[in-house]
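Each remark here refers to the structure printed beneath this line.
Read-outs throughout are calculated quantities, based only on the coordinates presented, and are distinct from any laboratory measurement. Worth saying up front: this structure is predicted, and the values here are computed from it rather than measured. Every residue, glycine as well, gets a Cβ built from its backbone with ideal geometry; the counts of neighbours run over all protein chains shown.
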Amino acid sequence: MAQPAASSQSVARHHLAASLGFLIVGVTMLALASVQYVSPDLLSGWGPISYGRLRPAAVHFLLYGWLTLGLIGAIYYAVPRLTGENLTDPLIARIGFILMSIGYALGGIAILAGLSEGIRYLEAPPLADIIVLLGMVAMLHSVARTLARRNDRQRSPAEWFMLAAIIWLVGLHFIGNLSMLSLLATLVWSQPPVLHGINTALLAGFYRAGIIGMWLATAGVGVVYFVVPRLVGLTRFRATRMSVVGFWGLGIAWAFTATAELTFTPVPDWLETIGVMFSMALLLPVATIIVDIHNAARGRLGVVADKDRASLRFVYLGLVLFGAMPVLNLMQALRASGGLVGFTDWVYAMEVLVLLGAFSAWLFAYIYHVAPPMVTRDARRVQLWHLWLTIDGLAIAVLAMITGGLVVGATWAGGGADGLASVGDGFESTADAMWNYGFAIARMVGLMLLAVAQALLFAYATVAWFLAEDRDTVLTIDPVLDAGGQEVNEELEVAAAAEPGWLRIGSLALVAGIGVFLMVVLLPAQEAESAQPTILADESRLFVEESDAAIGRDIYLSEGCSYCHTQVVRPIVTDVGLGPVSQPGDYAHEQPVLLGVARMGPDLMHVAGRGAVFVEQLTEPRADRPWSTMPSYEYLSEADLAALVSYLNGLR
């Protein structure tokens, strides 16, 4: 019989190879998008590399191709070693890998081709989503059955986190996609309820918070609980009370922060309050996990092998960044600060930390740990360069976006030279705030350093995993089949009877996920205010199918305009001059709603009320406004441009 360590080796290696490929593509595209923001005419004239398509495609490749496939590969590697059991149905696992890789690749290509569905993190078209779902089901089958084959109750925290994470991933993918959700509703109800208007913003917010907290954070922490004991020479890893608190609190608390980016928008006030409460509550499980992991390594750092020193450094880098994420999230959620940093670069700073921060650092730690040992001077030099370029790149890019967000928010609140810094020509004050202090250039430099750093990792992993002559021997013979865990202080240790079993974990993870979805999405959808159209909705936001305005709205979606323009007026000083404050019913006819992500350009909620929009403003945006950072859309056909202008001129 094959050794458990060898049973998942091929599957884990395939995931690693694919995820590294997606990493290089994604981080390069993200860096290029930052260059285009500094120089919007660069490579203009071709749709697939325009900013509005390039940036969401880069995020897609990093979020799914790199992090999701990479974490799944790490889980495949870890589970047989944790349980002492062979991987169940490795052929099905391989099929799942192929389907997910194809689905994620198709999704990214579709976004570049202008086929985006226009919902942040859910831009991929239905065909790609269905392919990915089939792959996820295959993955869930293989991993869950392997974990269930273990009979004893002594399970390490890594197993809890990994099982809950994959269950939540499959559930999030299904309910996050409107097409699949509508199909399920059709099977259950003869006249299915349709999520539209402001409720689609709640669905997108729930998915955003869920994919970060219930999937990435939960799976990433599971990987850390697997890697750290092995780095410091522990052979038994039993649960502690802190690991239990962290497990039950992390994913659920994070999912309830769904409205963190929707402060002062037309979502229910009570839901905003829940988002604030759980944004504060999230600090506890995150801090608990950080302390618990540090306690596992404390006093044993001297026994770390030379080949694992890079892994340990990345583990601690990830812990620092992991601790910073709920703080930034809380600043967006609080009304006192959310009105200042909302819709600024602060949002993208959080996104960079998600994509290339803590979770990536933990995957780097996993890669360096499981790769065949390369302890030559050149190998160590590559590891150090990768570490420091990653730290420098993150520090420069994230600090530039955080500081730039604060400055831009203050500019909106204080007004520009003409008294209004967020309206029409007054938006020049916003552009000046980004340029005069060098925030845009610093962000570009930071992301370019991150791209160089990951190129070094790719080179190292290629040599170590795929070119080393002894790779098969090293990867197959694993002396640590740990099926146990960490030596802990008896005062902190949890009795075996109190540990969550696999059935309990799976059941409660499913129930908890459904409960959060009901509270955050379905319950607010029942409020009459969100379904009752306002006069504004009936007069300017009711788009007849196949009309020029409806076609123009689809183009607005596919070109990623909502990544730079918002369509919401908040009841705060920063939005003075944008028009009447937005109400839930203003969006009653829209699916999905286009509140937007950030204001890299002016808000468009009532743009036509401030003057007509002309085709020339889309094809030559810097002719009258040299400060504009909007790319040229001259690559669109005359018919598409006319339709887009028709849509914009209807927004009154």
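Working out 0.36 nm times the residue gap between residue 441 and residue 270, then minus their Cα-Cα distance, what length gain in nm do you get to one decimal?
Working: separation 171, 0.36 × 171 = 61.56 nm, distance 3.95 nm.
Stretched fully, the residue 441-residue 270 segment lengthens by 57.6 nm.
Which whole-number percentage describes the relative contact order of the range 57-116, with Cα contacts under 8 Å and a sequence gap of 6 or more?
Values: 22 pairs, mean separation 36.0, N = 60.
That works out to 60 percent.
When 60, 141 are ordered from fewest to most other Cβ atoms inside 10 Å of their Cβ, what list results? Mind showing how you got there, number by number?
Working: 60 27, 141 15.
Least crowded to most crowded, the residues run 141, 60.
Explain nothing, just the number: dipole magnitude of the range 532-648 about its Cα centre with +1 on each Lys and Arg Cβ and -1 on each Asp and Glu Cβ, in debye rounded to the nearest 20. Walk me through the numbers before you get to the answer.
Details: 7 positive and 17 negative charges, 119 e Å.
Roughly 580 debye, rounded to the nearest 20.
Could you please rank 590, 428, 159, placing first whichever residue has the fewest other Cβ atoms within 10 Å of its Cβ?
Values: 590 20, 428 17, 159 27.
Lowest count first: 428, 590, 159.
When the dipole is taken about the Cα centre of the chain, and only Lys, Arg (+1) and Asp, Glu (-1) are charged at their Cβ, what size is it in debye, to the nearest 20? Kindly include the intermediate steps, with their values, before the conclusion.
Details: 36 positive and 51 negative charges, 471 e Å.
My answer is approximately 2260 debye.
Rank-order 30-36, 298-304 by packing density, defined as the average count of other C-beta atoms within 10 Å over each peptide's residues, highest first. It would help to have the intermediate numbers written out before the result.
Working: 30-36: 22.1, 298-304: 11.4.
In decreasing order of mean packing, 30-36, 298-304 become 30-36, 298-304.
What order do you get for 430, 257 when you list them from fewest to most C-beta neighbours inside 10 Å? Intermediate results must be reported in sequence, preceding the final value.
Working: 430 24, 257 30.
Fewest-to-most ranking of 430, 257: 430, 257.
Only helical DSSP H runs with n ≥ 4 go in: add -39500 (n - 2.57) per run for the chain, normalise by residue count and round the 222 nm mean residue ellipticity to 500 deg cm²/dmol.
Details: 27 runs with 392 residues, N = 652.
Rounded to the nearest 500, it is -19500 deg cm²/dmol.
Relative contact order of the chain, please, whole-number percent, based on alpha carbon pairs below 8 angstrom and at least 6 residues apart.
Working: 1168 pairs, mean separation 125.5, N = 652.
Reported as a whole number, the value is 19 percent.
Relative to the longest principal axis of the C-alpha atoms of the chain, give the angle of the C-alpha long axis of helix 90-112, reported between 0 and 90° and rounded to the nearest 10°.
20 degrees
Enumerate the calculated ³J(HN,Hα) couplings along the range 596-605 in order (Karplus 6.51 cos²θ - 1.76 cosθ + 1.60, θ = phi - 60°), each rounded to whole Hz, writing x wherever the residue is Gly or Pro.
Rounded to whole hertz, the list is x, 9, 8, 9, 6, x, x, 5, 10, 4.
Report the per residue volume, in Å³, of the convex hull enclosing the C-alpha atoms of the range 532-648.
Working: hull volume 12.5 nm³, N = 117.
Roughly 107 Å³ of hull volume per residue.
Roughly what would the spin-label model give for residue 113 and residue 280, points 7 Å off Cα along C-beta, in nm?
4.9 nm
When only C-alpha pairs under 8 Å and at least 6 residues apart count, what is the relative contact order of the range 532-648, in percent?
Details: 153 pairs, mean separation 43.4, N = 117.
Over the range 532-648, the number comes to 37 percent.
Can you tell me the Rg and Dmax of the range 38-172, counting just the alpha carbons, in angstroms?
That works out to 17.8, 62 Å for Rg and Dmax.
Identify, among 58, 591, 449, the residue whose Cα sits farthest towards the positive end of the charge dipole of the chain, taking +1 on the Cβ of Lys and Arg and -1 on the Cβ of Asp and Glu, with the dipole about the Cα centre.
Farthest along the dipole direction, towards plus: 449.
Could you size up the charge dipole of the range 1-151 around its Cα centre, putting +1 on the beta carbon of Lys and Arg and -1 on that of Asp and Glu, and report it in debye to the nearest 20?
Values: 9 positive and 6 negative charges, 88 e Å.
With only Lys, Arg, Asp and Glu charged at Cβ, the dipole is about 420 debye.
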